[in-house]
Amino acid sequence: SYNAVTEGTGVGVLGDTKKLNTYYSSGTYYLYDTTKAMTGVIETRTAKNLSSLPGSYSVDPDDNFNATNQRADVDAHYYAGVVYDYYKNTFNRNSFDNKGATITSTVHYGRNYNNAFWNGSQMVYGDGDGTTFTSLSGSLDVVGHEITHAVTERTAGLEYQGQSGALNESISDTFAMFMDQKNFLIGEDVYTPKIAGDALRSLSNPTQYGQPENMSGYVNTTSDNGGVHTNSGIPNKAAYNTIQSIGYDAAQKIYYRALTVYLSPKSNFSAARAAMLASAADLYGTGSTQYNGVASAWTKVGVN
Ligand SMILES: Cc1cc(C(=O)NCC(F)(F)F)no1
Ligand SMILES: [Ca+2]
Ligand SMILES: [Ca+2]
Ligand SMILES: [Zn+2]
């Protein structure tokens with residue numbers, strides 16, 4: 001038998017059919033995408049509900065990944081490709097390291113695991129418990145959020161605690177919005193599958209899910225690395241304000257330049273405002289509509 005780049009099909013977490021970039025070798029099809037302009041590949045694996053990583057390749061005998069227990073694998077693979085394409089097509093960034101690193105995703109991690117994370121080397125997704133979450137790879141904004149943690153790690157390196165940690169979280173939520181422009185919600189496709197219309201977080205209305213949306217509401221706590229998933233509501237609202245005032249394209253260019261040129265490990269919210277303004281000045285000039293839109297976006301959330 002021979003090896004070949006193939007195109008398969010799959011059914012995702014929400015029951016939607018999609019085309020997949022797969023690979024044929026010795027009678028088996030793999031979720032192994034060699035079609036991107038990278039030195040590495042996009043590969044998807046399964047932990048088979050145990051917790052050893054990276055687990056074994058997700059495979060299928062006929063290149064139609066339509067079994068119920070393959071749905072999380074299908075979406076992790078498909079959305080990783082969407083995220084790769086977003087960074088390459090929008091900013092000419094070649095994977096999270098800008099050197100074409102392989103993107104490895106592992107699904108079916110643990111049992112009833114209600115979360116997803118970047119572990120420093122790869123993506124990891126739980127199946128959820130069916131009440132709080134369904135399989136977490138089923139949502140582009142979750143996949144975009146997690147892979148953006150890898151980008152942040154290789155660029156600004158924002159320390160994951162306190163204000164820099166909340167900013168780290170907000171960068172991931174914000175780029176998830178840039179990739180998935182249908183709403184300003186995070187996780188709505190996989191959060192509480194039995195309840196319609198809710199989400200894990202909202203960037204337009206952080207308070208709806210218990211997050212502050214102004215510096216006056218900053219939560220000082222020791223839990224969750226100093227409340228990184230709570231205080232992210234403040235820069236998230238600033239990002240929403242920015243998009244509302246200058247649009248997605250200018251906003252994403254400003255955010256990417258801030259992330260890759262101006263932000264650094266200990267940057268706090270005030271440093272973020274300065275980084276965004278410096279980026280807006282570089283790209284559009286001080287006093288430009290974009291510059292002024294950024295300034296007011298952050299002033300409105302109490303960050304100067
Ligand atoms: C509390 C809390 C929220 C998160 C979170 O955002 N996880 C990433 C996501 F992509 F799964 F949403 N983790 O702990
Ligand atoms: Ca969303
Ligand atoms: Ca829900
Ligand atoms: Zn995160």
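Structure values in brief
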read-out: Near pairs, Cβ below 9 angstrom, 6+ apart or cross-chain, from the stretch 193-216 (more than 16 Å from Asn183 (Cβ to Cβ)) to any residue that is among the acidic types (Asp, Glu); value: Thr207/Glu213
read-out: Every residue from the stretch 184-239 that is among the β-branched types (Val, Ile, Thr), within 16 Å of ligand 3 (Cβ to nearest atom) and within 20 Å of Gln252 (Cα to Cα); value: Ile186
read-out: Residue in the stretch 1-17 that is touching a residue at least 60 places away in the same chain (Cβ under 8 Å), among the β-branched types (Val, Ile, Thr), part of a loop (DSSP other than H, G, I, E, B) and touching a helix residue (DSSP H, G or I) at 6+ places or on another chain (Cβ under 8 Å) present; value: yes
read-out: Residues that are within 18 Å of the chain's Cα centre (by Cα) and free of Cβ contacts under 8 Å to residues at least 12 places away in the same chain, drawn from the stretch 35-84; value: none
read-out: Number of the exception - Tyr24 against (1) in contact (Cβ under 8 Å) with a residue 40 or more places away in the chain; (2) part of a strand (DSSP E or B); value: (1)
read-out: Positions within the stretch 85-124 being within 16 Å of the chain's Cα centre (by Cα), among the hydroxyl-bearing types (Ser, Thr, Tyr) and open to solvent by 10 Å² or more (accessible area, probe 1.4 Å), in sequence order; value: Tyr86, Thr90, Thr104, Ser121
read-out: Criterion violated by Asp141 - all others in (1) of a type in the set (Asp, Glu); (2) surrounded by fewer than 21 Cβ atoms within 10 Å (Cβ to Cβ); (3) part of a helix (DSSP H, G or I) satisfied; value: (2)
read-out: Total residues in the stretch 254-277, condition touching a helix residue (DSSP H, G or I) at 6+ places or on another chain (Cβ under 6 Å), within 21 Å of Asp97 (Cα to Cα) and open to solvent by 40 Å² or more (accessible area, probe 1.4 Å); value: 3
read-out: The stretch 99-120, residues that are more than 21 Å from Gly15 (Cβ to Cβ) and touching a residue at least 60 places away in the same chain (Cβ under 8 Å); value: Lys99, Gly100, Ala101, Thr102, Ile103, Thr104, Thr106, Tyr109, Gly110, Arg111, Asn119
read-out: Residue in the stretch 227-236 that is away from ligand 2 (no atom under 16 Å from the Cβ), without any contact (Cβ under 8 Å) to a residue 24 or more places away in the chain and buried (at least 22 other Cβ atoms within 10 Å of the Cβ) present; value: no
read-out: Qualifying position, being within 12 Å of ligand 1 (Cβ to nearest atom) and open to solvent by 30 Å² or more (accessible area, probe 1.4 Å), among Asp173, Asp189, Asp127; value: Asp189
read-out: Residue within the stretch 155-167 that is within 15 Å of ligand 4 (Cβ to nearest atom) and of a type in the set (Ser, Thr, Tyr) present; value: yes
read-out: Complete set of residues in the stretch 193-213 that are within 16 Å of ligand 4 (Cβ to nearest atom) and touching a Phe, Trp or Tyr at 6+ places or on another chain (Cβ under 8 Å); value: Ala199, Leu200, Arg201, Ser202, Leu203
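Yes/no matrix, rows are residues, columns are (1) out of contact with any helix residue (DSSP H, G or I) (no Cβ under 8 Å at 6 or more places or on another chain); (2) at pLDDT below 95:
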site	(1), (2)
Thr22	yes, no
Thr35	yes, no
Thr39	yes, yes
Asn64	yes, no
Thr68	yes, no
Arg71	no, no
Asp75	no, no
Tyr78	yes, no
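The values are calculated or read from the model by the stated rules, or taken from the named source; none is laboratory data. A quick note: this is a predicted structure, and the numbers were derived from the prediction, not measured. Every residue, glycine as well, gets a Cβ built from its backbone with ideal geometry; the counts of neighbours run over all protein chains shown. Protein only, heavy atoms only, side chains kept; ligands, DNA and RNA dropped before computing areas. Shrake-Rupley method; radii C 1.70, N 1.55, O 1.52, S 1.80 Å.
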